[in-house]
Amino acid sequence: MNLLQKAPNRHIPKRLTSFVLVFLVFCIFLLNGCSKRPEEAAPTTAAPYPEEIFESYEHFEEEQLKAQKEFDRQMKELFRDEVSGRQIDLHFMLKDPSAYGIDKAQSLYGQISLEDMAQAREEQQSLKTMLERFDPALLTSEQRLTQRILQSFLATEEKSYGLELYAQPLAVTIGVQAQLPILLSEYVFYKKQDVDDYLELLEGIDEYYKQLLDFQRQKADAGLMISNLLLDHLIESCEGYLLTPGDNFMIDTFNSRLDSLPELTEEEKKAYRQKNEALLEDHFVPAYQILIDGLNSMRDTGSEEKGLCAYPQGKEYYEYLVYSATGTSYSSIEDLLRDMELTMNKQLVQTSLLLRYHPELAEELDTYSYRQTNPEDMIEELKSLSQKEFPPLAECNYTLKTVPKSLELALSPAFYLVSPIDDYQDNVIFINENPRFASNELYNTLAHEGYPGHLYQNVYFHTHCKTDIRQLLSFKGYSEGWATYVEYLSYFMDNGLRPEMGELLAANSIATLGLHACLDVYINYMGWNREQVREYLTDYYEDPGDLTDALYIAMIENPANYLSYYVGFMEFMNMRQTAEKELGDQFDPMAFHTFLLNMGDAPFDVIQAYFTSWLANQKNRK
C-alpha cells in the first residue's frame, strides 16, 4: 500500500539468481603534470643518480611485478574454483567454460548442511589470510580494489559465524524453491551437452530438496522454526509447482529450447522430450511434494509470528543480514535507521507540499498516463532517454517474457535474468501479469529492470570489467540500490507525465519503500509487535486496516529484504547530493554516473573512499 492511499504500486523487483554478480574496476590515474617535449628539455650538468638508487628502484619494481603476478594467479584460481562449484551456477555465469579451463562442475546444486557451512568458514579464513599477505603498495590500483572488496565481504561474513541455522533458504518469493524453476526453464541450450546437463539437474532436484528439508528440520530442532501461518504461506508457494502431466511451462520451454538446436535429429529431439516429461513426473513434481509433506510434518514446532530479534541470537543475525544485504557505510543500525526515517519524512514533506500547491494532482492520480503504453515501446524510450545522463552502452539484445500463470503468485512483479559473463548480448526481463500487480507503474518497473537499471548496469559491467573474480561478487545494496535510484530518476524523465505528477509519484514511491524498510528494522531488530506497528502506521494512514497484518508478516518472512533497495538508494542519493553541493553548477550527472558504473558492484564502505577521491578530482578540475 502506498502513502497516497491509491492501490499498491510499490514493487520490489527481484533479480532471479542466487549467483553472484559483479563489480567493475575503477582505476584512479594520478597525473604527474606536463612534461616538456624532448627538444625543449633544458640541458643539465647535475651529477648522475648514485647506483644504489637505481638498484633500490629495480628491486622495488621486481617486488611489484612478483606480487602482482602472484595476486593475479590467486584470483584466477579462486575464480575457477568458485564458478565451477555448482553446475547451475557454472552454466548461467559462463557460456563457454572451456575457454576458462573448466570442464565440469564439482556438483549439481552444491550442498546445504552445517558441515558444508563450517568448511566454507574455513575457506573464507584461508582467503582472508592469503589477502593479508599482499602489501597493497605493491599491487596495481585494480588489484587493490579487488583486495579491499574481498576483505570487506569477508569481514561482513564473519558476523554470521556460529549463526548458520538462522539462514532461511526456503522463503515465499525469494527462496530457492521459488526461483529454481525459472532458472531451469531459462537454462539455455547452446549445444547438445547442455541438454544432458539440464536433464541431470532435473533428475537431481529431489535429492537437493531433501537436503533443504533436512536443514529445515535442524532449524526446528534448534527452536528456530517459523509459525504455522508463515509455514502455510511457504507450503502454498510450493503447491504452484505441482505441475500436471502434459501441458505446462517446464515442458513448453524445454521443447522450445530443444528446437533451437540444429545439430539434433528429430529422433533425438523426440527422445529428449520423452525423457524431460518423465523426469518432471518422477523427480521435479515429487521434489515439491517432498517439501510440502516435510514442512507439514513440522507444523506446531514454531511459535507465534515474531520478528527475528525474538529468537535467542536473532538480533545478532539480523545485524549480519543488514550489512550483508546493504553493504552500507553506516557504522550502526541505529544511525542507519535514523537517516532512513529522515529520508522517508523528507519525501513525505515533498508530497505534502506538492499537493498543497497543486491540489489538482490529487484528482489526477487516477487518470495520469505515460506517453508509451506498450512494454517494448517503454523499454526503447527509456533506452533513448538514458543516453542524456548515462554513458554509452554496447549494443545488446533483450527479450520481454511473461511469468508462467502457475508461478504468478509465487514470484515478484518483474525481474531481470542476469546474462553470462562471456555473453552479455542476450538479456531477459520477466513481467508478472497477475492482476494483483495491475496497479504497478510498469514504466518505472522497466526502468528498474532494464534501462538504465539492471540490464544496463550489467551489460556495462560485462563490457568494461576485465577481472574475472569481480564478476562473481554481488552486493545487493549496490545492484538493487542502483536500480531503485534510476527508477526514481525515471519519474523525472521526458516520459509524458506532467512534471509535478512525476515529482509526486517519485516522492511517494520512495516514501512508501522507506516505510517498509523502517518497519523491517523496527520489527526484526527492535522487536515491535502488531500493536506497535499499527500505532506507527496511524501516523501515515487514517485507518491502516488489514495493512498492519500484511506488513508485519511481510517483514518477518523476508527480513532485511527491503533494506537492499532503500538503503542502497540512500547511499547513492547521499553521494549525489554531496557532489551537487560541492560542485554546484559544475555537477555533471554523466560524470557522476560514469564514476559509479566504473566503480561497479561493491560495498559502500569501499565506494565511499573512492568517491572522496573522485569528488576531489572534480573540484580540482572546476
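Any residue at all in region 184-201 that's among the hydroxyl-bearing types (Ser, Thr, Tyr), closer than 30 Å to residue 553 by Cβ and outside any helix (DSSP H, G or I)? Can you show your working first?
From region 184-201, those among the hydroxyl-bearing types (Ser, Thr, Tyr) are 185, 187, 190, 198; that's our starting set.
Still in the list and also closer than 30 Å to residue 553 by Cβ: 185.
Then drop every residue that is not outside any helix (DSSP H, G or I), which leaves none.
Looking for residues that are among the hydroxyl-bearing types (Ser, Thr, Tyr), closer than 30 Å to residue 553 by Cβ and outside any helix (DSSP H, G or I), one finds none in region 184-201, hence no.
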If I ask for residues that are of a type in the set (Gly, Ala, Ser), open to solvent by less than 30 Å² (accessible area, probe 1.4 Å) and more than 19 Å from residue 471 (Cα to Cα), which ones from region 580-622 would you list?
591
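Test of understanding: among 90, 94, which residue is within 16 Å of residue 466 (Cβ to Cβ) and in contact (Cβ under 8 Å) with a residue 12 or more places away in the chain? Break it down into steps so the answer makes sense when it comes.
Working: 90 fails: within 16 Å of residue 466 (Cβ to Cβ).
Matching residue, one of 90, 94: 94.
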So for region 467-479 (the condition being over 20 Å from residue 344 (Cβ atoms), among the aromatic types (Phe, Trp, Tyr) and not in a helix (DSSP H, G or I)), does at least one residue qualify?
yes
Matching residues, region 487-529, being farther than 13 Å from residue 441 by Cβ and touching a His at 6+ places or on another chain (Cβ under 7 Å):
500
Where the second residue is open to solvent by less than 60 Å² (accessible area, probe 1.4 Å) and modelled with pLDDT of 95 or more and the first is of a type in the set (Phe, Trp, Tyr) and lies in region 568-586, which pairs have Cβ atoms under 6 Å and are six or more apart or on separate chains?
569/481; 569/484; 569/485; 572/481; 572/485
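Mind telling me which of the residues 393, 385, 409, 400 ends up being surrounded by fewer than 21 Cβ atoms within 10 Å (Cβ to Cβ), assigned to a helix (DSSP H, G or I) and touching a residue at least 12 places away in the same chain (Cβ under 8 Å)? Even if it seems obvious, please write down each step before you answer.
Details: 393 fails: assigned to a helix (DSSP H, G or I); 409 fails: assigned to a helix (DSSP H, G or I); 400 fails: assigned to a helix (DSSP H, G or I).
After applying the criteria, what remains is 385.
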Tabulated pairs, region 262-282, first over 20 Å from residue 180 (Cα atoms), second loosely packed, with under 10 Cβ neighbours inside 10 Å and modelled with pLDDT under 95, C-beta under 7 angstrom, 6+ apart or interchain
none
Within region 84-111, residues being in a loop (DSSP other than H, G, I, E, B) and among the hydrophobic types (A, V, I, L, M, F, W, C) number 4
Going through (1) surrounded by 13 or more Cβ atoms within 10 Å (Cβ to Cβ); (2) modelled with pLDDT under 95; (3) farther than 30 Å from residue 239 by Cβ one by one, residue 327 fails only at (2)
Candidates 243, 170, 234, 180, filtered to the one that is farther than 30 Å from residue 426 by Cα and crowded, with 19+ Cβ neighbours inside 10 Å
234
What's the number of the condition residue 141 fails, among (1) surrounded by fewer than 17 Cβ atoms within 10 Å (Cβ to Cβ); (2) over 29 Å from residue 231 (Cβ atoms); (3) free of Cβ contacts under 8 Å to residues at least 60 places away in the same chain; (4) not charged (D, E, K, R)?
(3)
Any residue in region 215-238 that's free of Cβ contacts under 8 Å to residues at least 24 places away in the same chain: show its pairings with residues that are of a type in the set (Gly, Ala, Ser) and surrounded by fewer than 18 Cβ atoms within 10 Å (Cβ to Cβ) at Cβ separation under 9 Å, as long as the two are six or more apart or on different chains.
none
Selection over region 360-403 where residues are touching a strand residue (DSSP E or B) at 6+ places or on another chain (Cβ under 8 Å), within 19 Å of residue 491 (Cα to Cα) and of a type in the set (A, V, I, L, M, F, W, C) yields a count of 1
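Are any of the residues in region 330-353 part of a loop (DSSP other than H, G, I, E, B), buried (at least 20 other Cβ atoms within 10 Å of the Cβ) and out of contact with any Lys or Arg (no Cβ under 8 Å at 6 or more places or on another chain)? Outline the logic, then answer.
Pass one, region 330-353, residues part of a loop (DSSP other than H, G, I, E, B): 330-332.
Adding the requirement that they be buried (at least 20 other Cβ atoms within 10 Å of the Cβ) leaves 330.
If we keep only those that are out of contact with any Lys or Arg (no Cβ under 8 Å at 6 or more places or on another chain) too, we end up with 330.
Yes, region 330-353 contains a residue that is part of a loop (DSSP other than H, G, I, E, B), buried (at least 20 other Cβ atoms within 10 Å of the Cβ) and out of contact with any Lys or Arg (no Cβ under 8 Å at 6 or more places or on another chain).
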Selected residue (criterion: nearest to the chain's Cα centre (by Cα)) from residues of region 559-579 that are under 27 Å from residue 173 (Cβ atoms) and open to solvent by 20 Å² or more (accessible area, probe 1.4 Å):
562
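Just to be sure, is residue 210 among the charged types (D, E, K, R), open to solvent by 10 Å² or more (accessible area, probe 1.4 Å) and either in contact (Cβ under 8 Å) with a residue 12 or more places away in the chain or part of a loop (DSSP other than H, G, I, E, B) (or both)? I'd like the intermediate steps shown before the answer.
Working: among the charged types (D, E, K, R): yes; open to solvent by 10 Å² or more (accessible area, probe 1.4 Å): yes; either in contact (Cβ under 8 Å) with a residue 12 or more places away in the chain or part of a loop (DSSP other than H, G, I, E, B) (or both): yes.
In short, yes.
Out of 567, 606, report the one residue that is part of a helix (DSSP H, G or I) and more than 23 Å from residue 462 (Cα to Cα). Reasoning before the result, please.
On the way: 606 fails: more than 23 Å from residue 462 (Cα to Cα).
Only one candidate passes the filter, namely 567.
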Hey, residue 369 hits all of (1) assigned to a helix (DSSP H, G or I); (2) open to solvent by 70 Å² or more (accessible area, probe 1.4 Å) but one; which does it fall short on?
(1)
Can you find even one residue in region 270-290 that is out of contact with any helix residue (DSSP H, G or I) (no Cβ under 7 Å at 6 or more places or on another chain) and buried (at least 18 other Cβ atoms within 10 Å of the Cβ)?
yes
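The values are calculated or read from the model by the stated rules, or taken from the named source; none is laboratory data. It should be emphasised that the depicted structure is a prediction, and the values quoted were computed from it without experimental measurement. Don't worry about glycine lacking a Cβ; one is built from the backbone with ideal geometry, like all the others, and counts go over all protein chains shown. In case anyone asks, the SASA skips ligands and DNA or RNA and just uses the protein heavy atoms, side chains included. Shrake-Rupley method; radii C 1.70, N 1.55, O 1.52, S 1.80 Å.
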